[in-house]
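The values are calculated or read from the model by the stated rules, or taken from the named source; none is laboratory data. A quick note: this is a predicted structure, and the numbers were derived from the prediction, not measured. As a convention, Cβ positions derive from the backbone with ideal geometry for all residues, glycine included, and neighbour counts pool all protein chains shown. Only protein heavy atoms, including side chains, enter the accessible area calculation; ligands, DNA and RNA are left aside. Shrake-Rupley method; radii C 1.70, N 1.55, O 1.52, S 1.80 Å.
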Amino acid sequence: MKLWGLKPENFRAVAGQICDGTLYNELGLPDGAQFAGVDLNMGCPAKSEVHSGACAALIRPESRGLAEEIIAATREGLAGRLPLSVKTRVGFSEVDMTWFDFLLHQDLDMLTVHGRTRQQMSKVPANWDLIGQVRQMRDDVGARTLIIGNGDVLSRQQGEELATKYQLDGIMIGRGVFHDPFVFLEDGPIQWAAYDKAARLDLYRRHVELFAATWQEGERPVHTLNKFCKIYVNGFDGAKEMREQLMAATSVEDLKQRLRALITEIE
Ligand SMILES: Cc1cc2nc3c(=O)[nH]c(=O)nc-3n(C[C@H](O)[C@H](O)[C@H](O)COP(=O)(O)O)c2cc1C
């Protein structure tokens, strides 16, 4: 479960609710679902969050006291019942390795490092050498924190190569899933290449059906699906025209009908 915010007491309370089942019930999660841990968002660069002093703003040296209070309060709420991790960037305006010296003294279970500063947003390539330096610092400090690298990984193989090169404990992949829905599989690129037009449309239909089952009261409008359309409706002749047709849907039901019609046309 990912948390962001500003008030340590809220982190303490929500961490408790994550562990005691309150949040499962509130979110209506299916039986058997389990949170794997709590990850504190200290990396999101969005203006609204940063202007409030949250997320990536916590990287700034003047926020260190607050960052420490948030980590301590969350740990109290968890009371050892789930692991605690942080995801962050390599600096705010500039690279700041003192941030990692601080984080590596917080006894975190895991630390995910996105190799860009907040200022860099997503505009420059992720700097993996800096991620490697954090792993080295972890060893020098003698911390038990697992170090996960993040930024621009487009395949599992590339991730594994980076993990080996920088001796990391793991890799986080974000946008890579937009290029290959099977990116986490060893043979992901092969599997995805084997998906023809009909299979790609059918997989999008499945995504849309899961979306409809999750947001039954229309909590999310249909156009929020458009950013996913290109993942599936891509890589074959006529894909662009099909995307335009699908993105013009006015409701989830309308989208489902348009997909059904396209799939029937192919069959
Ligand atoms: C649509 C989108 C939503 C994201 N939401 C979150 C989020 O909620 N929390 C977070 O820590 N990072 C979030 N990120 C950042 C990613 O986790 C990741 O750090 C970033 O995309 C760089 O990794 P990548 O090159 O593998 O995508 C988001 C990124 C994208 C593109």
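Taking segment 55-71, which residues are farther than 17 Å from T117 by Cβ, surrounded by 14 or more Cβ atoms within 10 Å (Cβ to Cβ) and of a type outside the set (D, E)? Step through it out loud before you land on a result.
Quick first cut of segment 55-71, residues farther than 17 Å from T117 by Cβ only: 65-66, 68-71.
The next check asks that each one be surrounded by 14 or more Cβ atoms within 10 Å (Cβ to Cβ); those that pass are 66, 68-71.
Of everything in segment 55-71, those that are farther than 17 Å from T117 by Cβ, surrounded by 14 or more Cβ atoms within 10 Å (Cβ to Cβ) and of a type outside the set (D, E) turn out to be L66, I70, I71.
Residues that are within 20 Å of F102 (Cβ to Cβ) and in contact with a Lys or Arg (Cβ under 7 Å, 6 or more places away or on another chain): list the helices (runs of 4 or more DSSP H) wholly contained in segment 9-81 that include at least 2 such residues.
The helices (runs of 4 or more DSSP H) meeting that bar are 64-78.
Pull up segment 102-129, narrow it to residues that are among the acidic types (D, E) and open to solvent by 70 Å² or more (accessible area, probe 1.4 Å), then point me to the one that is nearest to the ligand (Cβ to nearest atom). Outline the logic, then answer.
Initial filter on segment 102-129 (among the acidic types (D, E)): 107, 109, 129.
Next cut, open to solvent by 70 Å² or more (accessible area, probe 1.4 Å) only: 107, 129.
Numbers: D107: 21, D129: 16 Å.
In this case the residue turns out to be D129.
Hand me the list of helices (runs of 4 or more DSSP H) wholly inside segment 150-207 holding 3 or more residues that are in contact with a helix residue (DSSP H, G or I) (Cβ under 9 Å, 6 or more places away or on another chain) and open to solvent by 50 Å² or more (accessible area, probe 1.4 Å).
Numbers: elements: 156-165, 176-179, 188-193.
Qualifying helices (runs of 4 or more DSSP H): 156-165.
Those residues that are among the charged types (D, E, K, R) and within 15 Å of the ligand (Cβ to nearest atom), I need them from segment 35-73; list them, please. Spell out how you get there, then give the answer.
Quick first cut of segment 35-73, residues among the charged types (D, E, K, R) only: 39, 47, 49, 60, 62, 64, 68-69.
Correct list: D39, K47, E49.
Give me the residue from segment 130-149 that is in contact (Cβ under 8 Å) with a residue 24 or more places away in the chain and open to solvent by 60 Å² or more (accessible area, probe 1.4 Å) and, out of that set, nearest to the ligand (Cβ to nearest atom).
L146
Being under 16 Å from the mean Cα position of the chain (by Cα) and more than 14 Å from I148 (Cβ to Cβ) is the filter; apply it to segment 30-40 and report the residue that is modelled with the lowest pLDDT.
Pass one, segment 30-40, residues under 16 Å from the mean Cα position of the chain (by Cα): 35-40.
Imposing the further condition that a residue be more than 14 Å from I148 (Cβ to Cβ) reduces the set to 35, 38.
Details: F35: 94, V38: 98.
Here the residue is F35.
Within segment 212-239, which residues are assigned to a helix (DSSP H, G or I), surrounded by 12 or more Cβ atoms within 10 Å (Cβ to Cβ) and among the charged types (D, E, K, R)?
Selection gives K230 alone.
Report the residue count in segment 54-89 for those that are over 24 Å from Q120 (Cα atoms) and of a type in the set (D, E, K, R). First the steps, then the outcome.
Let us first name the residues in segment 54-89 that are over 24 Å from Q120 (Cα atoms), namely 65, 68-84.
Now narrow it down to the ones that are of a type in the set (D, E, K, R): 68-69, 75-76, 81.
Summing the residues that are over 24 Å from Q120 (Cα atoms) and of a type in the set (D, E, K, R) in segment 54-89 gives 5.
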